[in-house]
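The values are calculated or read from the model by the stated rules, or taken from the named source; none is laboratory data. Nothing here was measured: the structure is a model prediction, and the numbers come from that model. A quick note on method: Cβ atoms are made from the backbone with ideal geometry, for glycine too, and the neighbour counts reach across all protein chains shown. In case anyone asks, the SASA skips ligands and DNA or RNA and just uses the protein heavy atoms, side chains included. Shrake-Rupley method; radii C 1.70, N 1.55, O 1.52, S 1.80 Å.
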Amino acid sequence: MTAPEGLAYALAGLAWAALLYRAPALFRGRRDGVRRALWTTLLAVTLAVTVRLPPVRDAVDRLAGVPNLSQLLENGFILVGIWGVQELLVHLH
């Protein structure tokens, strides 16, 4: 494993840890817009960095039979994450 691959796995693990850490807060205040926006952002970024991992990327492309589908999913998750940040800023303002 190269250093960039190790960093990718570390970032994915950190993202999953942050998501699981914040999960109880979402269920306590589902109607709170700030919590929903933060949860949306964390979920989208976590899924994006997970899809970027080489084994996941290869599995998604192979199972779907569509080359580079994982890249499209990653980009889509990042766009959802950006939308979540915008929602967060709207609710904080």
Going by the conditions given, is residue 81 in a helix (DSSP H, G or I), open to solvent by less than 90 Å² (accessible area, probe 1.4 Å) and touching a Ser or Thr at 6+ places or on another chain (Cβ under 8 Å)?
-> yes
Taking the stretch 39-54 as the search range and keeping residues that are assigned to a helix (DSSP H, G or I) and aliphatic (A, V, I, L, M), which one is nearest to residue 10 (Cα to Cα)?
-> 49
Go through the residues of the stretch 60-69 one by one and say whether even a single one is of a type outside the set (Ser, Thr, Tyr) and open to solvent by less than 40 Å² (accessible area, probe 1.4 Å).
-> yes
If you take the residues in the stretch 13-33 that are charged (D, E, K, R) and in a helix (DSSP H, G or I), which one is modelled with the lowest pLDDT?
-> 28
Of 36, 57, 62, which residue is within 16 Å of the chain's Cα centre (by Cα), assigned to a helix (DSSP H, G or I), at pLDDT 95 or above and of a type in the set (Lys, Arg)?
-> 57
Residue, surrounded by the most Cβ atoms within 10 Å (Cβ to Cβ), within the stretch 18-55, restricted to residues that are of a type in the set (Ser, Thr, Tyr) and under 16 Å from residue 78 (Cβ atoms) | 46
Yes/no for residue 8 being over 25 Å from residue 93 (Cβ atoms), of a type outside the set (D, E, K, R), crowded, with 18+ Cβ neighbours inside 10 Å and in contact (Cβ under 8 Å) with a residue 12 or more places away in the chain = no
